[in-house]
Each structure stands twice: as C-alpha cells, then as structure tokens.
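First comes the structure, then the notes that go with it.
The values are calculated or read from the model by the stated rules, or taken from the named source; none is laboratory data. Just so it is clear, the structure is predicted and the values come from calculations on it, not from any experiment. Backbone-built Cβ (ideal geometry, glycine too); neighbour counts: all protein chains shown.
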Amino acid sequence: MPYVSRFETSFGVETVKQALIVTVKKDDVSAYGECVAMSGPWYCEETIDSAYYILKQLLIPQLFQRDFDTPQRFLEATDGIRGNNMAVATVEMALWDLMGKISGKPLSELLGGHKPEVEVGVSVGIQPSIGDLVETVTSYVHDGYKRIKLKIKPGYDVEPVRAIRRAYPEMLLQVDANSAFSLEDFHTLKQLDAFNLLLIEQPLAHDDILDHAKLQKQLSTPLCLDESIHTPQDARKALEIDACRVINIKPGRVRGLQRSKEIHDLCMRNGIPVWCGGMLETGIGRAFSVALASLPGFTLPSDISASKRYFKQDIITKEFELTSNGTLEVPKEPGIGIEVDKQRLDACTTSKELFTSSQFPGH
Ligand code: OSB
Ligand code: MG
C-alpha cells in the first residue's frame, strides 16, 4: 500500500507499506494479526521474510498441535524461540482477537483498559528542508494533532526542533533519533534540553542501555527507549540503571500484548509513563494499538494516527479518524472491534498461503 507521503527516518526512507497479515480461523470466527516487521532489518533484526519463515516453520504448526484457549498458553508453548518477537506477536495478537470475538468482549476490556478514547500524536519524518517541515507540521496541527514527534538524525537535529518550537511554543513536542547518535554527540544532544521537549526517544545504539544511562544523568529531558526494550526484563534493567524515564511500548517489538501489559504494569508500579509506539501499521495493527493504549499507564500521547495520515484507503471498513479532542476512539465491538475490508485487502494482496489442519498430521 503506498503511503500518502514518504516517511524518512535516520535509517532510511519508506514509500510503501508491505504488511504481512495473518488470519486465524476457528469454526466460523476469523481473527487477524499484523506483523510489523519491515522489508529490511533497519529498525531491528527482523524482516517480513524472516518473520514469514518463523511463522511457517515454527508458529503456524504449533497452532495445529493443540487448542490454545489463551494467548498466554501460546506464548509458553513458543517460549523456546529466541527473539523473533515480531513473528511471535503476529500470532499472539491474532489469538487475543480470537479470544475477544469468541467471548464477545472488546480487546481493550480483555486487556484491562477503560479509556473510551486514547490521546494520539503524529510522527513526522525527516523533511527536505526546514520550510517543508514547518509546512508539514502545520498541516498536522490543522488536522487536530495535539502532539508532534520529529524524527531527527545527525545534522538534522537542533535546527528543526528550534524552528518548530518557534512556530509552536506551547505544542507537546518530542524527538526520535532511531539510534543515530553516540555519546560523542553529547554537545548536540545537550542543546535539545533547551526546547522543553516531552522526551528524546532512542538517541543512542539500538542494543544499548548503559550509554543511555550515562546520557540521562546529564540531561534534564526524559529519555525514552524504543529499540532497546524487547522484554519486561529489559525494561526492568533499564529502569534500574535509570537509562530512561519513559518507555515506548510497541506490541510487535515485545512479543505481543501479554508482554506489553507486563511492561505497562512494571512502569506503572515505578511511576514511569508509557505510550504506544507505531510501525506505520494498517488499520488492523492500529486497532490493536488503540486497545492497548486504553490501559491507564498510557499517560503520554501515542504514535497512532488516523488512517488517512498513512494511506489513501485503509484495509478496514470504518477508518480510524481523529476526534476533535485529538484522540482516537477505542472500538467497543468484540476483539479488535473493526471490520476488515476483504475486497480491499484482496486488492492489495500480492501473495497468500493457506494452512489447514489436514497438512499437519497428528492433529
Ligand atoms: O521509531 O517509532 C519509530 C516507524 C517505523 C519504524 C520505527 C518508528 C516509526 C514511527 C512511526 O515513528 C510511528 C507511526 O506508526 O505513526
Ligand atoms: Mg522510535
């Protein structure tokens, strides 16, 4: 699916969404999951193809081994698979949708979320010029977004922030470097302290927490970790050494919704705000994010924008739209609570593979 505008980060440019969607069918119920891995290993090690391999070889066969009555049982059964969190999350999340649809409960309720709507913002890619950036941000402000996140990289860091702060002195503003800086850039990062930012997301290496702790000591702006947090244990260690004061939870990155909830609970116990990150998902992935963000510890606006910020046409029948409060409504229907536009999904589908119990003897 082509994006309505190119999305540039410190690790590259995205112009089309390549999504891996799974449908899990049980009796007459269809549940969905979206794999958020990207086409290449630029954000993390996983890719759509690596996830496809893990799904086909290890995860889908598991589904035909026995009936998993909860996503947690599935997590336990696949615990021996190291890493590959995005692949595992794809099925784990589909099982949450399935459980919701079978029990008639919305996903937000299953997860323990009570907010009827969630506060969201928009993540703004690196722009060709400061003028373009101001124009782009202005159009999002007019759309009603109440929080802006600027992607930054070395050489495109302090000036864009200064320009947006000047144009919007009161705006909730944060930045995301996607691991593009090192401690040697301390002088640059320190300058960001002057702009009253909500947080600085993942300035240092994707696999680091120690240098982030050193940096946090010298900054007054909270650091937020994204890439470095894959498990509740990672989150505990990061908090223990004060490597960050905010955590971005992306269910795909942390193996699904159960672990997302555990990280949320840990952060709440420690007074650490969380928000839900995004991977430029289709409406299916977005529905999961909105349900997760309805939990009480999600006190900062999430990277979950309206469908039309990403695509001309989404693959769900009722697109996510921004309310006048700068929020998205949490679906109240069972499971993910949205309906997949099957015609539209078919039209976007480049290949598909069907797995049935007859292929898995011993069922
Ligand atoms: O680091 O948060 C990130 C998109 C792809 C990969 C990494 C990131 C992002 C975003 C987009 O910032 C957020 C969204 O989905 O709107
Ligand atoms: Mg990020």
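Within the range 15-39, no residue satisfies the criterion of being within 16 Å of ligand 2 (Cβ to nearest atom) and at pLDDT below 95. Just checking, does the range 67-86 include any residue being hydroxyl-bearing (Ser, Thr, Tyr) and surrounded by 22 or more Cβ atoms within 10 Å (Cβ to Cβ)? No, the range 67-86 contains no residue that is hydroxyl-bearing (Ser, Thr, Tyr) and surrounded by 22 or more Cβ atoms within 10 Å (Cβ to Cβ).
Looking at the structure I just gave you, is residue 247 within 15 Å of ligand 2 (Cβ to nearest atom) and in contact with a helix residue (DSSP H, G or I) (Cβ under 6 Å, 6 or more places away or on another chain)? So residue 247 passes the test. Would you call residue 224 within 16 Å of ligand 2 (Cβ to nearest atom), under 30 Å from residue 265 (Cα atoms) and outside any loop (DSSP other than H, G, I, E, B)? Judged against the criteria, residue 224 is a match. A search for C-beta distances below 8 Å between a residue of the range 61-82 that is in contact (Cβ under 8 Å) with a residue 60 or more places away in the chain and of a type in the set (Phe, Trp, Tyr) and any residue that is in a helix (DSSP H, G or I) and exposed (fewer than 15 other Cβ atoms within 10 Å of the Cβ), counting only pairs 6+ apart in sequence or on different chains, returns 64/357; 64/359. Got at least one residue in the range 172-184 being out of contact with any Pro (no Cβ under 7 Å at 6 or more places or on another chain), hydroxyl-bearing (Ser, Thr, Tyr) and more than 16 Å from ligand 1 (Cβ to nearest atom)? Checked against the condition, which is being out of contact with any Pro (no Cβ under 7 Å at 6 or more places or on another chain), hydroxyl-bearing (Ser, Thr, Tyr) and more than 16 Å from ligand 1 (Cβ to nearest atom), the range 172-184 yields at least one hit. Considering only residues that are over 18 Å from residue 32 (Cβ atoms) and in a helix (DSSP H, G or I), which ones fall in the range 76-89? Passing the criteria: 76, 77, 85.
If only residues of the range 117-137 that are under 13 Å from residue 152 (Cβ atoms) and small (Gly, Ala, Ser) are counted, the one that is farthest from ligand 2 (Cβ to nearest atom) is 125. Residues that are of a type in the set (D, E, K, R), away from ligand 2 (no atom under 13 Å from the Cβ) and either part of a helix (DSSP H, G or I) or crowded, with 17+ Cβ neighbours inside 10 Å (or both) within the range 162-183 comprise 162, 165, 166, listed in sequence order. Of all residues in the range 219-252, which are under 17 Å from residue 35 (Cα atoms) and either within 13 Å of ligand 1 (Cβ to nearest atom) or in contact with a strand residue (DSSP E or B) (Cβ under 7 Å, 6 or more places away or on another chain) (or both)? Listed by number, the residues that qualify are 227, 249, 250, 251, 252. For the range 43-65, the criterion of being among the charged types (D, E, K, R), assigned to a helix (DSSP H, G or I) and under 30 Å from residue 361 (Cα atoms) is met by at least one residue. Checking the stated criteria, residue 355 turns out not to satisfy the condition of being more than 23 Å from the chain's Cα centre (by Cα), more than 17 Å from residue 19 (Cβ to Cβ), at pLDDT below 95 and surrounded by 13 or more Cβ atoms within 10 Å (Cβ to Cβ).
Taken over the range 221-253, the residue count meeting the criterion of being more than 25 Å from residue 290 (Cβ to Cβ) and of a type in the set (Val, Ile, Thr) is 2.
Looking at the range 192-204, is at least one residue in a helix (DSSP H, G or I), within 16 Å of ligand 2 (Cβ to nearest atom) and over 17 Å from the mean Cα position of the chain (by Cα)? Yes: one or more hits. Taking into account only those residues within the range 41-52 that are free of Cβ contacts under 8 Å to residues at least 24 places away in the same chain and surrounded by fewer than 15 Cβ atoms within 10 Å (Cβ to Cβ), which is farthest from residue 97 (Cα to Cα)? Here the residue is 41.
Taken over the range 44-70, the criterion of being touching a Ser or Thr at 6+ places or on another chain (Cβ under 8 Å) and modelled with pLDDT of 95 or more is satisfied by 47, 48, 51, 55, 58, 59.
Here residue 62 fulfils each of the conditions (1) farther than 25 Å from residue 338 by Cβ; (2) surrounded by fewer than 14 Cβ atoms within 10 Å (Cβ to Cβ) apart from (2). Is the range 209-216 home to any residue that is buried (at least 21 other Cβ atoms within 10 Å of the Cβ), assigned to a helix (DSSP H, G or I) and within 15 Å of ligand 2 (Cβ to nearest atom)? Yes, the conditions are met somewhere in the range 209-216. Summed over the range 138-154, residues that are part of a helix (DSSP H, G or I) and crowded, with 18+ Cβ neighbours inside 10 Å total 1. Of all residues in the range 253-294, those being in contact with a helix residue (DSSP H, G or I) (Cβ under 8 Å, 6 or more places away or on another chain), near ligand 1 (Cβ under 10 Å from one of its atoms) and either assigned to a helix (DSSP H, G or I) or more than 19 Å from residue 119 (Cα to Cα) (or both) number 2.
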